[in-house]
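Participant: What follows is a single structure, and I will ask about it in a moment.
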């Protein structure tokens with residue numbers, strides 16, 4: 001069991017509808033830096049049978065730094081009557097922010113995937129109309145490590161100390177004084193890495209190339225991926241939507257708003273790859289869906305997360321679209 005909640009210095013506030021995965025991953029990564037006891041996450045730190053409102057109030061009264069994860073549903077979620085949940089005094093996220101502000105806690109709004117810009121504070125109900133007073137940070141899937149590092153630097157600047165390194169107990173050593181497990185793990189890692197390298201042609205080690213994709217609801221898409229210094233870009237050929245029933249309503253909205261027809265759309269994305277020894281690379285893109293006729297008038301956004309097959313010919317994973325707040329399987333097959 002973790003330490004009592006009053007020892008926590010970092011409180012993560014989020015909307016469970018679309019923020020639980022980000023909150024859990026962020027708590028894990030900050031816990032590695034500052035210690036698990038320094039991070040309060042309700043789903044991990046509330047004891048069975050506890051009065052959760054009192055537990056959260058107790059944690060916030062300790063004046064931690066409140067990280068408010070701004071996701072689309074944190075701001076836009078509605079109740080059964082269609083009213084904004086953040087306008088309801090009983091909304092848990094609203095109560096957490098109110099308690100933090102009343103206690104004089106430092107608040108850092110964290111802009112997550114799905115929101116390109118900070119919301120206009122003047123259009124939000126209290127106390128969310130005050131978040132524009134604070135310096136905000138980003139938390140993006142494609143640049144997660146850098147964004148978490150920046151947040152960690154902010155937390156250190158606010159007086160939260162990193163966890164002290166622990167000295168491990170002495171382990172059995174070989175004749176050179178090295179722990180026996182060091183050589184064992186090194187051998188396992190080297191063998192796994194060798195098997196991975198032997199299983200794929202060297203020319204296919206990169207994810208750069210032209211791919212035939214099956215993305216949202218199985219739509220056929222030709223995509224070009226480029227890779228430079230570890231940074232990835234993605235661009236699709238135009239996708240015809242004029243005859244697609246799922247686009248009929250939006251095309252009507254577009255026609256009314258712009259006076260022009262929306263017959264094609266394209267995907268654009270920026271991302272990164274991550275790779276562990278002995279495992280195929282994983283790639284993550286932040287996506288933008290744009291009109292195929294050109295321009296930066298963003299239609300929708302989302303994420304594409306894929307893993308490369310051992311032979312380097314297939315990328316498989318999931319695509320998430322912010323508009324419908326849903327995901328579908330995604331498969332890319334290498335063309336060249």
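Participant: Can you find a residue that is assigned to a helix (DSSP H, G or I), more than 23 Å from residue 311 (Cβ to Cβ) and modelled with pLDDT under 90 anywhere in segment 225-245? Spell out the reasoning first.
Facilitator: Filtering segment 225-245 for residues assigned to a helix (DSSP H, G or I) gives 245.
Checking which are more than 23 Å from residue 311 (Cβ to Cβ) leaves us with 245.
Filter once more, so that each one left must be modelled with pLDDT under 90: 245.
Yes, segment 225-245 contains at least one residue that is assigned to a helix (DSSP H, G or I), more than 23 Å from residue 311 (Cβ to Cβ) and modelled with pLDDT under 90.
A quick yes/no check of all residues on (1) in contact with a strand residue (DSSP E or B) (Cβ under 6 Å, 6 or more places away or on another chain); (2) surrounded by 17 or more Cβ atoms within 10 Å (Cβ to Cβ):
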{"site": "221", "(1), (2)": "yes, yes"}
{"site": "228", "(1), (2)": "no, no"}
{"site": "232", "(1), (2)": "yes, yes"}
{"site": "235", "(1), (2)": "yes, no"}
{"site": "244", "(1), (2)": "no, no"}
{"site": "255", "(1), (2)": "no, no"}
{"site": "275", "(1), (2)": "no, no"}
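Participant: Do the conditions hold for residue 308, that is, is it farther than 23 Å from residue 241 by Cβ and surrounded by 20 or more Cβ atoms within 10 Å (Cβ to Cβ)? Spell out the reasoning first.
Facilitator: Details: farther than 23 Å from residue 241 by Cβ: yes; surrounded by 20 or more Cβ atoms within 10 Å (Cβ to Cβ): yes.
Taking the combined requirement at face value, the residue satisfies it.
Participant: Scan segment 88-100 and tell me whether some residue there is modelled with pLDDT under 85, farther than 13 Å from residue 10 by Cβ and surrounded by fewer than 17 Cβ atoms within 10 Å (Cβ to Cβ).
Facilitator: We begin by selecting, within segment 88-100, every residue modelled with pLDDT under 85; these are 99-100.
When the remaining residues are screened for being farther than 13 Å from residue 10 by Cβ, the result is 99.
Next cut, surrounded by fewer than 17 Cβ atoms within 10 Å (Cβ to Cβ) only: none.
Among the residues of segment 88-100, not one is modelled with pLDDT under 85, farther than 13 Å from residue 10 by Cβ and surrounded by fewer than 17 Cβ atoms within 10 Å (Cβ to Cβ), which makes the answer no.
Participant: What residue, among those in segment 322-335 that are at pLDDT below 85 and assigned to a strand (DSSP E or B), is surrounded by the most Cβ atoms within 10 Å (Cβ to Cβ)? Give the steps one after another, and end with the answer.
Facilitator: Residues of segment 322-335 that are at pLDDT below 85, as a first pass: 322-327.
Still in the list and also assigned to a strand (DSSP E or B): 326-327.
Numbers: 326: 12, 327: 16.
Among those that are at pLDDT below 85 and assigned to a strand (DSSP E or B), it is 327.
Participant: Could you tell me which of the residues 153, 114, 82 is at positive phi, surrounded by fewer than 18 Cβ atoms within 10 Å (Cβ to Cβ) and either at pLDDT 85 or above or assigned to a loop (DSSP other than H, G, I, E, B) (or both)? Quick ask: steps written out before the conclusion?
Facilitator: Values: 153 fails: at positive phi; 114 fails: surrounded by fewer than 18 Cβ atoms within 10 Å (Cβ to Cβ).
Going through 153, 114, 82 in turn, the sole match is 82.
Participant: Of everything in segment 117-137, what is surrounded by 14 or more Cβ atoms within 10 Å (Cβ to Cβ), touching a helix residue (DSSP H, G or I) at 6+ places or on another chain (Cβ under 9 Å) and part of a loop (DSSP other than H, G, I, E, B)? Give them in sequence order.
Facilitator: Residues satisfying the conditions are 118, 119, 124, 127.
Participant: Shifting gears a bit: Test residue 295 against the criterion of being surrounded by fewer than 13 Cβ atoms within 10 Å (Cβ to Cβ), more than 23 Å from the chain's Cα centre (by Cα) and over 16 Å from residue 331 (Cβ atoms), and give yes or no. Write out each step before concluding.
Facilitator: Values: surrounded by fewer than 13 Cβ atoms within 10 Å (Cβ to Cβ): yes; more than 23 Å from the chain's Cα centre (by Cα): yes; over 16 Å from residue 331 (Cβ atoms): yes.
Yes: the conditions hold for residue 295.
Participant: Among the residues of segment 42-54, is any in contact with a strand residue (DSSP E or B) (Cβ under 6 Å, 6 or more places away or on another chain), buried (at least 21 other Cβ atoms within 10 Å of the Cβ) and either over 22 Å from residue 157 (Cα atoms) or at pLDDT 85 or above (or both)?
Facilitator: Filtering segment 42-54 down to residues in contact with a strand residue (DSSP E or B) (Cβ under 6 Å, 6 or more places away or on another chain) leaves none.
No, segment 42-54 has no match at all.
The values are calculated or read from the model by the stated rules, or taken from the named source; none is laboratory data. This structure is a prediction, so every number in the text was calculated from the model and none was measured. All Cβ positions, even for glycine, are placed from backbone atoms using ideal geometry, and neighbour counts span all protein chains on display.
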